[in-house]
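The values are calculated or read from the model by the stated rules, or taken from the named source; none is laboratory data. Model, not experiment: these values are computed from the prediction. All Cβ positions, even for glycine, are placed from backbone atoms using ideal geometry, and neighbour counts span all protein chains on display. Note: areas computed on protein heavy atoms with side chains; ligands, DNA, RNA excluded. Shrake-Rupley method; radii C 1.70, N 1.55, O 1.52, S 1.80 Å.
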Amino acid sequence: MAEYKKSSVHCHSTLCDGKNTLQEMASAACAQGLTTLGFTGHSYTSQDREYCMSPSRTAQYRATIARLKMEYRGKVDILCGIEWDLLSGERPAGYDYWIGSTHYLHGKNTGRYYEVDFRSEDLWDCIRQDFDGDPLGAVEEYFAQVETMAARKPDILAHMDLIKKLNGDGSFFDEESPRYRAAALKALEAARDNGCLLEVNTGGVYRGYRKDFYPGAWLLEQWCRMGGKVIITADAHETAALTYGFDEAAAAIRAAGFGNVEVLTGSGFETQQL
């Protein structure tokens, strides 16, 4: 097993939208030979969608991970991270690390908040009611919000082109259009300017939404040209997904021109050769 496969640091549990408990995820990580397991439960937002941790669950989350750190000491380094949404506030505190994410679009006409990665009908409603039927207008707003998140300097910038999740068949917008690419590149430049570490996320492929990872190949190539750094993550919502697609992600990263990948360990981030 390659070294980069021993660390999985974008992971969820039943305290948000995962299928396995924190304990089950830790046990599986140990059984699978991981040296580092990082939990990143979805942060509470004012919109409090079904996948977010409530304040009480967040407290339970932190307390349980503190216990698991002791239980698995010497076996697996357990880290208490969080996937912090743009709507959750400026920056989290008191975590080992944090992942910055954008999951919502705010409607300028209706005032509604729409999840861009959940239900196709919600995304259609967003485009029709709040972006005057212009899908690329919604895309541009999404990437503008990614820029805002990048400016908060998260330890890891998550699935930066998540807006494409429900667009696997191209029914919403053309991912090769000049407007799409210009908006995505502007967000990528913001990530570079703020020193963000970009995740290559295999979760959309695991769950059958996409055949390509977040970010796509052309964005990875641009990121390499910018001198950016990458980390492979599974965005695992169950034990079977902890290292799903890591070899394929490494191949995609190499194809984009990278020679190294970042790995988060119990001692911090390390650079490893691909």
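Before moving on, here are some points about what is shown:
- Among the protein heavy atoms of segment 165-274, carbon and sulfur supply 45% of the accessible surface, probe 1.4 Å, non-protein parts ignored.
- Cβ-based net charge around His12, under 11 Å, with every Lys or Arg adding one and every Asp or Glu removing one: -3
- Between Gln272 and Thr21, the distance separating the two model label sites (each 7 Å from Cα on the Cα→Cβ line) works out to 3.0 nm.
- Segment 112-130 and segment 143-173 have Cα centres lying 15 Å from one another.
- More than 16 angstrom apart: percent of Cα pairs within segment 160-274: 60
- Table column - 3J(HN,Hα) (Hz), segment 217-228, Karplus curve with 6.51, -1.76, 1.60, x for Gly and Pro: 4, 5, 5, 4, 4, 5, 5, 4, 4, 7, x, x
- Maximal additional length on extending the Ala144-Ala59 stretch stands at 27.4 nm, based on 0.36 nm per residue less the C-alpha distance.
- Computed over the alpha-carbon atoms, segment 26-101 gives an Rg to Rh ratio of 1.01, Rh here being the Kirkwood radius from the mean inverse distance.
- Sequence of Phe131, Phe269, Phe246 from largest to smallest accessible area, 1.4 Å probe: Phe269, Phe131, Phe246
- Accessible area, probe 1.4 Å, largest first, for residues Lys164, Lys69: Lys69, Lys164
- Across all Cα pairs in segment 1-159, the calculated P(r) in 10 Å bins from zero up to the longest distance comes to 10, 35, 31, 17, 6, 0 percent per bin.
- Per-residue SASA entry for Arg67, accessible area with 1.4 Å probe, Å² rounded to 10: 120
- With kT/(6 pi eta Rh) evaluated at 25 °C and eta = 0.890 mPa s, and Rh the Kirkwood radius from Cα pairs, the chain diffuses with a coefficient of 131 µm²/s according to Stokes-Einstein.
- In segment 122-274, taking the dipole from charged Cβ atoms about the Cα centre, the farthest positive-side position among Pro215, Val263, Thr202 is held by Val263.
- Using only alpha-carbon positions in segment 88-227, the gyration tensor eigenvalues give semi-axes of 23, 18, 15 Å once each is multiplied by 5 and square-rooted (largest first).
- For the set Ser8, Ser54, the ranking by accessible area, highest first and with no ligand, DNA or RNA atoms included, is Ser54, Ser8 under a 1.4 Å probe.
- Within the assembled protein chains, the solvent-accessible surface assigned to Asp247 is about 70 Å², based on a 1.4 Å probe.
- Solvent exposure of Glu24, expressed as accessible area, is near 80 Å², computed with a probe of 1.4 Å over the protein chains only.
- Relative to the Cα centre, the charge distribution of the chain, modelled as +1 at Lys and Arg Cβ and -1 at Asp and Glu Cβ, gives a dipole magnitude of about 720 debye.
- Taking a straight Cα-Cα cut-off under 29 Å and skipping sequence neighbours fewer than 8 places away in the same chain, the lysines within cross-link reach of Lys5 are Lys19, Lys69, Lys75, Lys153, Lys164, Lys165, Lys211, Lys229.
- Summary value for the chain: 18 percent relative contact order, contacts being C-alpha pairs under 8 angstrom separated by 6+ residues.
- Nitroxide proxy distance, nm - points 7 Å out along Cα→Cβ at Glu221 and Ala182: 2.1
- Virtual paramagnetic centre 7 Å along Cα→Cβ of Asp193, amide N under 16 Å, in segment 82-120: none
- For the chain, the per residue solvent-accessible surface stands at 41 Å², with DNA, RNA and ligands left out and a 1.4 Å probe.
- Euclidean distance between Cα centres, segment 57-90 to segment 196-239, Å: 23
- Taking a straight line from the alpha carbon of Lys108, these aspartates and glutamates sit under 14 Å away, with near neighbours fewer than eight places off in the same chain left out: Asp125, Asp130, Asp132, Asp134, Glu140, Glu141.
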